[in-house]
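Data first, discussion second: the structure below is written as structure tokens.
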Amino acid sequence: MSRSRLRRPPPPAGQPTLDTLRRWVRARGWQPFPFQEAVWAALAAGENGLLHAPTGTGKTLAAWLGAILRTGAAGPGIRAVWITPLKALAADTLRALEEPLGGAEPIASDWTVGLRTGDTSAAARRRLREAWPTALVTTPETLSILLSLDDAHEIFAALDTVVVDEWHELLATKRGVQTELALARLRTLRPELATWGISATLANLDEAVAALVGPARAAAARVVQAAIPRRLDIETLIPTPIERFPWAGHMGMRLLPQVVERIDRASTTLVFTNTRSQAERWFDAIRAARPDWKKLVALHHGSVDRDLRTEAEAGLKAGRLKCVVATSSLDLGVDFGPVDQVLQVGSPKGIARLLQRAGRSGHSPGATGRLVCVPTHALELIECAAARAAAEAGRVEPRRPLVAPLDCLAQHIVTVACSGGFREQDLLAEVRSTHAFATLDDAAWRWALDFAARGGRALAAYPDYARIIERFGRWYVASAAIARRHRMNIGTISGDAAVDVKWLRGGRLGTVEESFISRLHEGDRFLFAGKPLVLFRFDGLTAWVKRARASAHLQVPRWNGGRMPLSTLLSAAVLDLVRGSLDNGRPPPREVAAVLPLLRTQARWSRVPDHDTLLVEQWRGRDGHHTFVFPFEGRLVHEGLAALVAWRIASRTPSTLTFAATDWGFELSSRDPLAFDERAWRRLLSPANLLEDLLACLNGTEMARRHFREIARVAGLVAGAARTNRQTQASAGLIYDVLLEHDADNMLLAQARREVLEQQFEFRRLHDALTAIGTKDIRIVATPRISPLAFPIWAEFVQSRLTTQGWLERIAEMARDLEAAADGAAPGGRQEAPRSGAPA
């Protein structure tokens, strides 16, 4: 130790130092990582920054102990705010933050930690206001509510540090924009505030930092990356035999014995599925396969009642459960130490998702995360191999921050008006300090202010939409009643129309979508929350149920949000593997080796796609002509492309076309052949007039009208808290029609159109895909039979047109015929379509 350091006066009694933090960590058998020390030093110096480190390496300790070091001894008021993206994580976060404050050698025994989320009771909220803790764990929505209170400037008068946990989960969402605006407000109240984000899986760190601290502060902000390679063991279960003509989900529960065996060999396992319906089926199947595990297996997804989810989380952490079947509801943050392996049912669809879920196991510094992929069809073997290879190479998808969602801005304007008001230019400068609104022009700002003041031009005659009022150059909320109503509806989380599911004799199971339950009749049986149920009565708000006596042939609810597409990065990695498996001369990954017969049949009957070529296959079946196109851009993009191409064809030549799509390509089916040459296909797949054509072919006005419900709720045009989803949709639809007729330039209408195209079809990715296709060679192949890559798309098409029994029989019959043909002599060979022909 240097003499100059020895001469420094000692810190005040009780004041934590870097040595205090080091001793505390070492006392638990660990050594502080360099990245933790870097964050501690940066926070002590009052710097802003982003910590990017693998799951399970001690990110929470780095940020939390740094925040304690920055403040030192606790004083009155809130000194640190910890923002968590999910209410479900808040209680666990609270326990993690309390650990260094107690015990034999606490770091800061005078610190207290409190919790304030939407689930906090009224009594607990009153106690908090009487004596605020030193640190507050909260969510973006609750932080905005606190900022809307009359005394917000007093509540946060002593604030030193804000930490945003799992920043990557918020970044590309409206909740991320809401967080940006809240952070900008806190920086106005406390200019010396230190802001830090924590993330595990991000590629675009510069954008993430700019969104977190604001563009003006981004250059000076620290980005701390942990140079700790996270040890991951990722493998794939390979079924036998492998069909050369697969379709989505056709393996069903074929891999169930292997899954049960893996669960049996481990102490505790997390089984992740991509959809809630899939989680219900696998939970039921695992318990049926091992009845002795009935009390050792739990179900966890967002529609299951919170008390049941809490019970599953507690059992998981205590090591009482053998297995928990979950969706993304357990992707984040919660530290489940006993979990020693993760099973991923189906393709992970993204590299970041694979890493996030693998990190749920071995969740401690130095431990190995173990993940086993369970494919649901043969092509997912390739997707799993591609995801693993990309993860090992350190590649991960970027998450782009949203730009200028005006519904969020309108909500924030009213929030600030509720808290002592604002001067227009002051708030404009504050809003422009965020990444989301850095380029906000004067016209858009004036529109947003006018919208909050009177509802815009079309709604100015209705007093309910006059939410803020100007007095002596300062804007205030118009009334206390409006302030109360506004606080009840703060937030940007959009919810599907859902109804409660309750036992007839009392007790809540969770929620299912209204569209599913409304199709059932009294006495119909379905599977939900892992229980066989029978519908007793549906009164429009609640589905009253009893336990069903038998568990066979149960319907399973379907939830929106199950259409999870391959990410752009993973799609490219899949295409690399598909092409390279037959060309590079090196042994392919074992997953790809298992599907080589499929790929060889594809090459024999057609050709294997690659990055430089767009493959178009044409096949004539007994029900008409089928055209298959393989852009490899993910399901949502392909649905948009199929609709776009079908509409462009029909607008030139009267045609009746139907279409289907998967992650690998799309199909157009017609009575007459689509005899188009390469030049005609280029016109059909041109990005010219893309926005106008998409809106026209997809009934864009009606889609935007339905999506407007969420924008209207966020912007404050309709109340969501005390209304049913049907009432909210009706009110929003009426307002949409009024605006469309009397205020067609209303900026929220344009936002609704943009958002619906992005959410339904990944519009920016679709545009980029068409631009890329313009540089590719288009190869048109007439195939004698359906090729292996076309078969799953055709199966989607058949499934959408026939009854359950009908499509299963037809697909199975076709698969048997094609397998027999592939086993026999090679068919007459592929037929390249001519390069000139009928124009589109």
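The values are calculated or read from the model by the stated rules, or taken from the named source; none is laboratory data. Here the structure is a predicted model, which means the values were calculated and not measured. Positions of Cβ are backbone-derived with ideal geometry, glycine not excepted, and every protein chain shown enters the neighbour counts. Just the protein is used for accessible areas: all its heavy atoms, side chains included, with ligands, DNA and RNA removed. Shrake-Rupley method; radii C 1.70, N 1.55, O 1.52, S 1.80 Å.
Going through ALA429, ALA498, ALA460 one at a time, which residue ends up being in contact with a strand residue (DSSP E or B) (Cβ under 8 Å, 6 or more places away or on another chain) and among the hydrophobic types (A, V, I, L, M, F, W, C)? Of the residues listed, the single one that is in contact with a strand residue (DSSP E or B) (Cβ under 8 Å, 6 or more places away or on another chain) and among the hydrophobic types (A, V, I, L, M, F, W, C) is ALA498.
Output yes when any residue across segment 522-536 is buried (at least 17 other Cβ atoms within 10 Å of the Cβ), in contact with an Asp or Glu (Cβ under 6 Å, 6 or more places away or on another chain) and farther than 12 Å from VAL556 by Cβ, and no when none is. The answer is yes; a qualifying residue exists.
In segment 441-465, what residues are part of a loop (DSSP other than H, G, I, E, B) and at pLDDT below 95? Even if it seems obvious, please write down each step before you answer.
Keep residues of segment 441-465 that are part of a loop (DSSP other than H, G, I, E, B), which gives 441, 455-462.
Of everything in segment 441-465, those that are part of a loop (DSSP other than H, G, I, E, B) and at pLDDT below 95 turn out to be GLY455, GLY456, ARG457, ALA458, LEU459, ALA460, ALA461, TYR462.
Residues of segment 298-315 being open to solvent by less than 10 Å² (accessible area, probe 1.4 Å) and either without any contact (Cβ under 8 Å) to a residue 60 or more places away in the chain or not hydrophobic (A, V, I, L, M, F, W, C) (or both), which ones? First the steps, then the outcome.
Within segment 298-315, the subset open to solvent by less than 10 Å² (accessible area, probe 1.4 Å) is 300-301, 303-304, 312, 315.
HIS300, HIS301, SER303, ALA312, GLY315, listed by residue number.
Looking only at segment 472-507, count how many residues are part of a strand (DSSP E or B) and farther than 18 Å from GLY455 by Cα. Spell out the reasoning first.
Within segment 472-507, the subset part of a strand (DSSP E or B) is 474-477, 498-503.
In the following step, the residues that additionally are farther than 18 Å from GLY455 by Cα were identified as 474, 498-503.
Counting residues in segment 472-507 that are part of a strand (DSSP E or B) and farther than 18 Å from GLY455 by Cα gives 7.
Comparison of LEU685, LEU641 shows that the only residue that is over 30 Å from ARG454 (Cα atoms), open to solvent by less than 20 Å² (accessible area, probe 1.4 Å) and over 24 Å from the mean Cα position of the chain (by Cα) is LEU685.
ILE517 - would you say it is open to solvent by less than 70 Å² (accessible area, probe 1.4 Å) and modelled with pLDDT of 90 or more? Talk me through it step by step, then tell me what you get.
On the way: open to solvent by less than 70 Å² (accessible area, probe 1.4 Å): yes; modelled with pLDDT of 90 or more: no.
Here the answer is no, as ILE517 does not meet what is asked.
For ASP442, state whether it is of a type in the set (Asp, Glu) and within 16 Å of VAL477 (Cα to Cα). No; evaluated as a whole, the condition is false for this residue.
Screening the candidates ALA483, ALA444, ALA453, ALA448 for the property of being over 21 Å from LEU308 (Cα atoms), of a type outside the set (S, T, N, Q), without any contact (Cβ under 8 Å) to a residue 40 or more places away in the chain and out of contact with any His (no Cβ under 6 Å at 6 or more places or on another chain) yields one hit, ALA453. In segment 273-281, the condition of being surrounded by fewer than 17 Cβ atoms within 10 Å (Cβ to Cβ), modelled with pLDDT of 90 or more and not in a helix (DSSP H, G or I) is met by no residue. On the basis of being open to solvent by less than 40 Å² (accessible area, probe 1.4 Å) and within 27 Å of the chain's Cα centre (by Cα), does ILE490 make the cut? Yes; evaluated as a whole, the condition is true for this residue. Contact annotation: residue pairs with Cβ atoms under 8 Å, 6 or more positions apart or on different chains, pairing a residue in segment 514-531 that is free of Cβ contacts under 8 Å to residues at least 24 places away in the same chain with a partner that is open to solvent by 20 Å² or more (accessible area, probe 1.4 Å), are SER515/ALA497; SER518/PHE538; GLU522/PHE536; GLU522/ARG537; GLU522/PHE538; GLY523/VAL534; LYS531/ARG547. Across segment 250-261, the qualifying residues are those that are modelled with pLDDT of 85 or more and either within 28 Å of the chain's Cα centre (by Cα) or among the acidic types (Asp, Glu) (or both), and the one among them that is surrounded by the fewest Cβ atoms within 10 Å (Cβ to Cβ) is GLU261.
Here are THR728, THR656, THR662: which of them is open to solvent by less than 30 Å² (accessible area, probe 1.4 Å), more than 30 Å from ASP576 (Cα to Cα) and either modelled with pLDDT of 85 or more or among the hydroxyl-bearing types (Ser, Thr, Tyr) (or both)?
Working: THR656 fails: open to solvent by less than 30 Å² (accessible area, probe 1.4 Å); THR662 fails: more than 30 Å from ASP576 (Cα to Cα).
The conditions single out THR728.
With respect to the conditions (1) open to solvent by 10 Å² or more (accessible area, probe 1.4 Å); (2) touching a residue at least 60 places away in the same chain (Cβ under 8 Å), ALA393 lacks only one, and its number is (2). Among the residues of segment 191-231 satisfying the criterion of being out of contact with any Asp or Glu (no Cβ under 8 Å at 6 or more places or on another chain) and basic (Lys, Arg), which is most open to solvent (accessible area, probe 1.4 Å)? Among them, the one singled out is ARG231. Within segment 760-800, restricting attention to residues that are more than 15 Å from ARG635 (Cβ to Cβ), of a type in the set (D, E, K, R) and in contact with an Asp or Glu (Cβ under 8 Å, 6 or more places away or on another chain), the residue that is surrounded by the most Cβ atoms within 10 Å (Cβ to Cβ) is ARG779.
Across segment 318-332, which residue is most open to solvent (accessible area, probe 1.4 Å) among those that are in a helix (DSSP H, G or I) and in contact (Cβ under 8 Å) with a residue 60 or more places away in the chain?
From segment 318-332, those in a helix (DSSP H, G or I) are 318, 328-330; that's our starting set.
Still in the running and in contact (Cβ under 8 Å) with a residue 60 or more places away in the chain: 329-330.
Working: SER329: 27, LEU330: 4 Å².
This residue is SER329.
Residues of segment 461-482 that are touching an Asp or Glu at 6+ places or on another chain (Cβ under 9 Å) and on the phi < 0 side of the Ramachandran plot: GLU470, ARG474, TRP475, TYR476, ILE482. Just one of the listed residues (ARG635, ARG652) is more than 29 Å from GLY346 (Cα to Cα) and basic (Lys, Arg), and it is ARG652.
Do we have any residue at all in segment 400-413 that's surrounded by 22 or more Cβ atoms within 10 Å (Cβ to Cβ), among the basic types (Lys, Arg) and at pLDDT below 95? Taking every residue of segment 400-413 in turn, none turns out to be surrounded by 22 or more Cβ atoms within 10 Å (Cβ to Cβ), among the basic types (Lys, Arg) and at pLDDT below 95.
For segment 124-136, how many residues are open to solvent by less than 50 Å² (accessible area, probe 1.4 Å) and within 16 Å of VAL81 (Cβ to Cβ)? Walk me through how you get there before you give the answer.
Going through segment 124-136, the residues open to solvent by less than 50 Å² (accessible area, probe 1.4 Å) turn out to be 124, 128, 133-136.
Pick out the ones that are also within 16 Å of VAL81 (Cβ to Cβ) and you get 128, 133-136.
Number satisfying all stated conditions: 5.
Is it the case, given these coordinates, that PRO338 is at pLDDT below 85 and either over 23 Å from the mean Cα position of the chain (by Cα) or surrounded by fewer than 19 Cβ atoms within 10 Å (Cβ to Cβ) (or both)? Answer is yes for this residue.
Among the residues of segment 392-420, which ones are among the small types (Gly, Ala, Ser) and not in a loop (DSSP other than H, G, I, E, B)? Don't jump to the end; show me each part of the working.
Step one: of segment 392-420, the residues among the small types (Gly, Ala, Ser) are 393-394, 404, 410, 417, 419-420.
ALA410, ALA417 - these are the residues of segment 392-420 that are among the small types (Gly, Ala, Ser) and not in a loop (DSSP other than H, G, I, E, B).
Annotation note: of ARG400, ARG395, the sole residue that is basic (Lys, Arg) and over 21 Å from ALA752 (Cα atoms) is ARG395.
GLY510 fulfils the conditions (1) in contact with a strand residue (DSSP E or B) (Cβ under 6 Å, 6 or more places away or on another chain); (2) over 19 Å from ALA298 (Cα atoms); (3) surrounded by 16 or more Cβ atoms within 10 Å (Cβ to Cβ) except for a single criterion, (2).
Hey, does segment 232-249 have a residue that's under 26 Å from PRO85 (Cα atoms) and either buried (at least 22 other Cβ atoms within 10 Å of the Cβ) or within 28 Å of the chain's Cα centre (by Cα) (or both)? Before you say what the answer is, go through the steps one by one.
Our first condition is that a residue be under 26 Å from PRO85 (Cα atoms); within segment 232-249, this holds for 232.
Within this subset, residues satisfying the condition of being either buried (at least 22 other Cβ atoms within 10 Å of the Cβ) or within 28 Å of the chain's Cα centre (by Cα) (or both) are 232.
Checking segment 232-249: at least one residue is under 26 Å from PRO85 (Cα atoms) and either buried (at least 22 other Cβ atoms within 10 Å of the Cβ) or within 28 Å of the chain's Cα centre (by Cα) (or both).
Residues in segment 87-123 that are among the aliphatic types (A, V, I, L, M) and surrounded by 13 or more Cβ atoms within 10 Å (Cβ to Cβ): ALA88, LEU89, ALA90, ALA91, LEU94, ALA96, LEU97, LEU101, ILE107, ALA108, VAL113, LEU115.
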